[in-house]
Amino acid sequence: MTSTQALALIDNPLVRALPHPTRWADLGCGSGLFTLTLAGMLQPGSTVYAIDRYPTIAQQQTANGVSIEPQTADFVKDHLTFKNIDGILMANSFHYVKNKLDLLSKLQSILSPNNTFVIVEYDRTKSVPIWVPHPLSFALLQPLFRNAGYSSITRLGEMPSAFGGSNLYGAIIN
């Protein structure tokens, strides 16, 4: 996937319009492609915590003045050390979480009021062992977040998956 394709899935005016620096966590950041894409949308002085069991993105300050701070952690099992997070990005990581509502409950302790989620997932309901063990189609994402107390759930973008069989979608929830 390219940075242009990543941007097509998560770009939205709500995040771009935030008039002040914000703090985000990218849970399951992997190589950091979506971390950097998100950072490019944020105001100078913002921070993105890049969380992964094996993060490969380096600590850095982006050209637009956003700090990237990698941390090694399993976001499902480990205690997350930061607080007052304005937003959470989960790009191709939610499908590894078996009990999604439990994770959302856990994340409430680190989130600030009026927080935002940006999700990228496969729009499928059938499991693909190892790669997509617990899929989260857009149709299933909506009641999950409504049950967690969120009222605005918007599909942002969609593109065919390079692995075939389903599309990737982006969504913003607040």
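No value in this document is a laboratory result; all are computed from the given coordinates. All values reported here derive from a predicted model rather than from experimental measurement. As a convention, Cβ positions derive from the backbone with ideal geometry for all residues, glycine included, and neighbour counts pool all protein chains shown.
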Report summary line: Non-local residues with an amide H under 5 Å from the amide H of Ser166, with H modelled 1.01 Å from N and Pro and chain starts lacking one, are Ser161
Query raised in the report: Can you work out ³J(HN,Hα) from phi for every residue in region 16-32, in order, using Karplus 6.51 cos²θ - 1.76 cosθ + 1.60 and θ = phi - 60°, giving whole Hz and x for Gly and Pro?
Result: 5, 7, 4, x, 9, x, 10, 10, 10, 10, 9, 8, x, 5, x, 6, x
Query raised in the report: Which of the trypsin sites (Lys or Arg not before Pro) found in region 104-155 are in a DSSP loop and have at most 11 neighbouring Cβ atoms, other than their own, within 10 Å?
Result: Lys126
Query raised in the report: Per residue Cα convex hull volume for the chain, in cubic angstrom?
Result: 108 Å³
Query raised in the report: Residues with amide H under 5 Å of Ile88's amide H, sequence separation 5 or more or different chain, H placed in the peptide plane at 1.01 Å from N; which?
Result: Ala25, Thr116, Phe117, Val118
Query raised in the report: Using the Cβ atoms and a cut-off under 15 Å, what net charge is assigned to the surroundings of Ser105, where Lys and Arg are +1 and Asp and Glu are -1?
Result: +4
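Got the relative contact order for the chain handy, in percent, Cα pairs under 8 Å and 6 or more residues apart?
Numbers: 370 pairs, mean separation 34.6, N = 174.
This gives 20 percent for the chain.
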Report summary line: Shape call for region 122-174, from the Cα gyration tensor axes a ≥ b ≥ c (a/c under 1.5 means rounded, otherwise prolate when a/b beats b/c, else oblate), comes out oblate
Query raised in the report: According to the square roots a ≥ b ≥ c of the eigenvalues of the Cα gyration tensor, what is the shape class of region 18-108, taking rounded for a/c under 1.5, prolate for a/b larger than b/c otherwise, and oblate for the remainder?
Result: prolate
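Could you compute the net charge surrounding Pro135? Neighbours are other residues with a C-beta less than 14 Å from the C-beta of Pro135; K and R count +1, D and E count -1.
Numbers: positive: Lys98, Lys100, Arg124, Lys126; negative: Glu121, Asp123.
With Lys, Arg at +1 and Asp, Glu at -1, the neighbours total +2.
Net charge around Ala91, counting only other residues with Cβ within less than 10 Å of its Cβ (Lys, Arg = +1; Asp, Glu = -1)? Mind showing how you got there, number by number?
Numbers: positive: none; negative: Asp26, Glu121.
Its environment carries a net charge of -2.
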Requested in this report: List the residues whose amide H sits under 5 Å from the amide H of Gln71, counting only those 5 or more places along or on another chain, with H placed 1.01 Å from N in the peptide plane.
Outcome: Ala50, Ile51, Asp52
Query raised in the report: Out of Thr35, Thr116, Thr125, any idea which swings most in a Gaussian network model of the chain, alpha carbons joined below 10 Å?
Result: Thr125
